1. Within region 25-46, can you find the residues that are among the aliphatic types (A, V, I, L, M) and either within 15 Å of the ligand (Cβ to nearest atom) or closer than 25 Å to Ala185 by Cα (or both)?
2. In region 132-166, what count of residues is obtained for those that are in contact (Cβ under 8 Å) with a residue 12 or more places away in the chain, hydrophobic (A, V, I, L, M, F, W, C) and farther than 23 Å from Thr71 by Cβ?
3. Identify the single condition in (1) within 30 Å of Arg125 (Cα to Cα); (2) within 16 Å of the ligand (Cβ to nearest atom) that Thr22 does not satisfy, given that it satisfies every other one.
4. Cβ-Cβ below 6 Å, separation at least six or inter-chain, first residue in region 14-28 and within 15 Å of Tyr45 (Cβ to Cβ), second within 16 Å of the ligand (Cβ to nearest atom) and part of a helix (DSSP H, G or I): which pairs?
5. Ser139 is checked against (1) small (Gly, Ala, Ser); (2) more than 14 Å from the ligand (Cβ to nearest atom); (3) in contact with a strand residue (DSSP E or B) (Cβ under 9 Å, 6 or more places away or on another chain) and fails just one. What number does that condition carry?
6. How many residues does region 61-72 contain that are near the ligand (Cβ under 9 Å from one of its atoms) and surrounded by 19 or more Cβ atoms within 10 Å (Cβ to Cβ)?
7. Of Ala49, Ala111, Ala2, which residue is of a type outside the set (S, T, N, Q), more than 16 Å from the ligand (Cβ to nearest atom), surrounded by 20 or more Cβ atoms within 10 Å (Cβ to Cβ) and in contact (Cβ under 8 Å) with a residue 24 or more places away in the chain?
8. May I ask you to list the residues in region 73-107 that are under 29 Å from Asn154 (Cα atoms), assigned to a loop (DSSP other than H, G, I, E, B) and either within 16 Å of the ligand (Cβ to nearest atom) or β-branched (Val, Ile, Thr) (or both)?
Amino acid sequence: MATLKRIVCLANPNNPTGTIFTRQQFDDFYRHVPERVLIILDEAYFEYAKDNPRYPDSMHYRYDNVITLRTFSKVYGLAGVRIGYGFAHEELIRNLLKVKLPFEPSTPAQAAGIGALSDYEFLHRSLEQNARALRYLTSGLQELGIDVVPSAANFLMAVLPGEQEAFRIFHELLAQGVVVRPLKAFGLRDSHPLIIRGTKYLLEEQNEDGSWGDPDEESIRRRCHTTWTAIDGLRNYAWRAERLSRPQVRTMLKQC
Ligand SMILES: Cc1ncc(COP(=O)(O)O)c(C=O)c1O
């Protein structure tokens, strides 16, 4: 493996546009990248895009100078737990381990990650809910005459007529408990991404007529499922804790 001297970071799907690049586009790009350049592929939103046949799931094709990073913060709803994973050529990982900080994610965080990976039901429901909300938000904005960039993630970028309009909407939505993000800092002055499940929608359920209503107890319980899974994971871990060494936990994580 060549000595790596430069880093290129690519997010796929990308934040804040929500767009993806295809495998063909990645391969075309890769042909121009010298071997000594490390490519960090940020796949934080990978689960939302993975079923698109044009999306290059980097778990299934590998280049030696590419490292992929994923997170449990998005589709699994575990942002506060601070856990994610990465994969790359073993020599690259070996070299990273030489320089990385000695602290691992906490044991509860590792247990939560393991629990979440096997919770297919939650994943499925989370993806379905996101797809429904994306359709709802896209059509609602389009009906208002606002252009949106088709999203392969869990947020949507809307293109507004100008910076002032973007900030006016930002403040008005904030007053209603919906957090959106102006993109001035990204140099996209006219655009304004809308995070689909802002504070207000997080605990609201979409009704059949498309409106949003208060959640019933069952839907709150469902939203909390990942947390429960994490706790179950912890319980499992608790009885095994004394018998599992750190390398064994790592092996468990690798098998997930
Ligand atoms: C592209 C991208 N990568 C990574 C992250 C952060 O993930 P984590 O919560 O695991 O730090 C975000 C969060 O918004 C993101 O948009």
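Taken together, the values in this text are just the output of simple stated rules run on the coordinates, not laboratory data. It should be emphasised that the depicted structure is a prediction, and the values quoted were computed from it without experimental measurement. Counting neighbours? That spans all protein chains shown, and the Cβs are built from the backbone with ideal geometry, glycine included.
1. Selection gives Ile39, Ile40, Leu41, Ala44.
2. Adding up the residues that qualify gives 6.
3. Checking Thr22 against (1) within 30 Å of Arg125 (Cα to Cα); (2) within 16 Å of the ligand (Cβ to nearest atom), the one that fails is (2).
4. What qualifies is Ile20/Ala49.
5. (3)
6. 3
7. Step by step, each of Ala49, Ala111, Ala2 is checked, and only Ala111 is of a type outside the set (S, T, N, Q), more than 16 Å from the ligand (Cβ to nearest atom), surrounded by 20 or more Cβ atoms within 10 Å (Cβ to Cβ) and in contact (Cβ under 8 Å) with a residue 24 or more places away in the chain.
8. Ser73, Lys74, Val75, Tyr76, Gly77, Leu78, Arg82, Ile83, Glu104, Pro105, Ser106
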